[in-house]
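Contents: one structure, followed by commentary.
The values are calculated or read from the model by the stated rules, or taken from the named source; none is laboratory data. Everything numeric here is computed off the predicted structure, so don't read it as measured data. Cβ placement follows ideal geometry from the backbone for every residue including glycine, while neighbour counts extend to all protein chains displayed. Side chains are part of the model used for accessible areas, which takes the heavy atoms of the whole protein and leaves out ligands, DNA and RNA. Shrake-Rupley method; radii C 1.70, N 1.55, O 1.52, S 1.80 Å.
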Amino acid sequence: MTRIRRWIVAAFLGAMLLLLVKFLATGKQASEAVAHEPPQVRPSSASDAQAPSPAVPVPVQPGSATQFQPPGLSERARRMQADWCGFGAKELAAEQAKHFEGKEMIGPAEIAEQAAKPKGEGEQVLALAREEVVQRWIHALRQRGEPRALALAEFLGASGVGSKARLQAMALSSTDPMLTALALQRLCDPGACRNVEASQWSRLEPENVYAWLQMLSEPGQKQTQGAYLLERMATQARYARGYQQEVGQLLVSVLQAGAPGLAHQAETESLMGVLAAWPIPSFSTLMRLCRESPGQPGQAMRCEAVAAAVWSQGHILDRLIALALARVVAPKSTPQRPLWERRALEFEAVQSYEDERRRRELEAMSMPADAESNYCWGQPLMRTLIQDYAIRHDWDEARAHLHAEGADLNAWAKRWRDSNGRGVLDPMPQNSEK
């Protein structure tokens with residue numbers, strides 16, 4: 001394999017790894033709750049860092065121009081637009097290489113640092129393409145005319161007061177909890193419009209742990225209503241749903257770019273950006289509440305009931321949080337401990353197996369004959385990975401792969417424990433859970 005062919009493979013694998021880091025990094029609040037740091041990516045070679053990192057699209061106000069050709073766009077930038085797969089993507093990778101030059105590890109801090117630096121021409125071209133993608137999505141969603149699609153269109157365009165106000169009005173008049181979940185992320189400034197209250201979500205969907213966590217995360221709620229909200233969660237909640245998957249499914253349904261190229265990459269990165277930026281209600285307040293008052297009558301039972309609800313239908317990160325709660329309130333001396341140990345074993349095995357499966361998939365990739373002149377050759381796989389993440393339940397899919405092969409749970413769980421230095425239910429290192 002020639003040197004340039006090795007560079008192409010390294011660049012694409014680096015992009016995949018950076019993509020995974022971006023997803024993990026956006027689960028910051030949940031990661032803090034379980035004292036689980038997002039992994040750092042160590043480039044296998046200097047060229048790994050040359051892969052462009054994913055970026056979150058900047059929402060644009062509805063009604064703005066759909067043609068993004070600023071007068072100052074240079075001849076070189078226009079060439080990038082016209083020949084993205086043969087020239088533009090290569091130049092973008094070179095720009096990114098400068099941002100990560102000298103970095104031994106690439107993680108959330110490095111990605112944030114890179115994003116804050118002045119944009120090169122390749123990055124500007126891609127940013128403009130992402131803005132155009134968001135405008136197309138907004139138009140397509142409005143054409144649907146369905147309440148969820150209309151609300152998501154306003155959500156995507158909520159850089160202006162008008163979209164925020166319309167989204168708030170829709171949520172206030174709807175009994176669909178998804179509209180409330182969207183509106184709570186796009187509140188108007190005080191006095192600009194009437195905002196939906198956090199309590200509306202739990203009124204509409206009392207069986208959703210996330211709805212109660214939204215209230216618990218409000219300033220001062222832990223002190224004034226913490227015990228009440230915990231009791232409500234314990235007695236009513238049955239699952240955890242943040243509506244990221246529903247949003248992802250809607251966006252996948254309006255994807256338009258087919259052939260690899262600038263528009264294709266912009267759509268994929270924009271989809272990833274929306275999903276990666278999706279907030280997770282803060283579990284840290286709940287963790288502190290359960291940890292600080294274990295002696296209160298029934299407190300451990302209530303916290304364990306919440307953990308069971310989060311586990312029942314949650315994604316992989318939700319299940320990690322459920323196990324973190326169980327670690328606090330279901331020590332080895334409790335009757336429910338064996339149940340959580342079985343769940344922990346399955347979690348460790350599923351996570352370890354899934355990491356290895358993804359690694360094997362990337363290593364088994366075959367490079368097309370025109371890879372040296374076509375820098376878009378990896379786009380279809382990138383699109384497939386992001387679409388799968390958007391429309392499927394990651395825990396169900398990963399668990400199905402594990403059990404379909406009849407894998408040894410104990411062996412895979414041991415690999416997870418060896419890699420992390422502890423079992424998921426084992427006590428955290430001192431000071432790590434503060």
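Computed quantities for the displayed model
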| quantity | calculated |
| --- | --- |
| Residues (of a type in the set (Gly, Ala, Ser), modelled with pLDDT under 90 and at negative phi) located in region 217-256 | SER217, GLY226, ALA227 |
| Close pairs from region 402-419: first under 13 Å from GLU354 (Cα atoms), partner outside any helix (DSSP H, G or I) and of a type outside the set (Val, Ile, Thr), Cβ under 9 Å, at least 6 apart | ALA413/GLY423; TRP416/GLY423 |
| Members of region 395-417 found to be under 18 Å from ALA240 (Cβ atoms) and open to solvent by less than 40 Å² (accessible area, probe 1.4 Å), listed by number | TRP395, ALA398 |
| Qualifying residue in region 327-350 (condition: more than 24 Å from TRP212 (Cα to Cα), in contact (Cβ under 8 Å) with a residue 40 or more places away in the chain, surrounded by 23 or more Cβ atoms within 10 Å (Cβ to Cβ) and among the β-branched types (Val, Ile, Thr)) | yes |
| First in region 76-94 and in contact (Cβ under 8 Å) with a residue 60 or more places away in the chain, second anywhere and surrounded by fewer than 16 Cβ atoms within 10 Å (Cβ to Cβ) and outside any helix (DSSP H, G or I), Cβ under 9 Å, 6 or more apart | GLN81/GLN69; CYS85/SER373; GLY86/SER373 |
| Qualifying residue in region 251-268 (condition: in contact (Cβ under 8 Å) with a residue 40 or more places away in the chain, open to solvent by 20 Å² or more (accessible area, probe 1.4 Å) and among the charged types (D, E, K, R)) | no |
| Selection status of SER284, open to solvent by less than 30 Å² (accessible area, probe 1.4 Å), modelled with pLDDT under 90 and within 27 Å of VAL329 (Cβ to Cβ) | yes |
| Residue among ARG136, ARG203, ARG142 that is over 30 Å from GLN81 (Cβ atoms) and at pLDDT 95 or above | ARG203 |
| Hey, LEU73 within 23 Å of PRO260 (Cβ to Cβ), modelled with pLDDT under 95 and not in a helix (DSSP H, G or I) or not | yes |
| Single residue of region 294-314 satisfying the filter (assigned to a helix (DSSP H, G or I) and of a type in the set (S, T, N, Q)) that is least open to solvent (accessible area, probe 1.4 Å) | GLN299 |
| Neighbours by Cβ (under 7 Å, 6+ apart or cross-chain): first from region 151-163, at pLDDT below 95 and outside any loop (DSSP other than H, G, I, E, B); second open to solvent by 10 Å² or more (accessible area, probe 1.4 Å) and of a type in the set (D, E, K, R) | SER163/GLU154 |
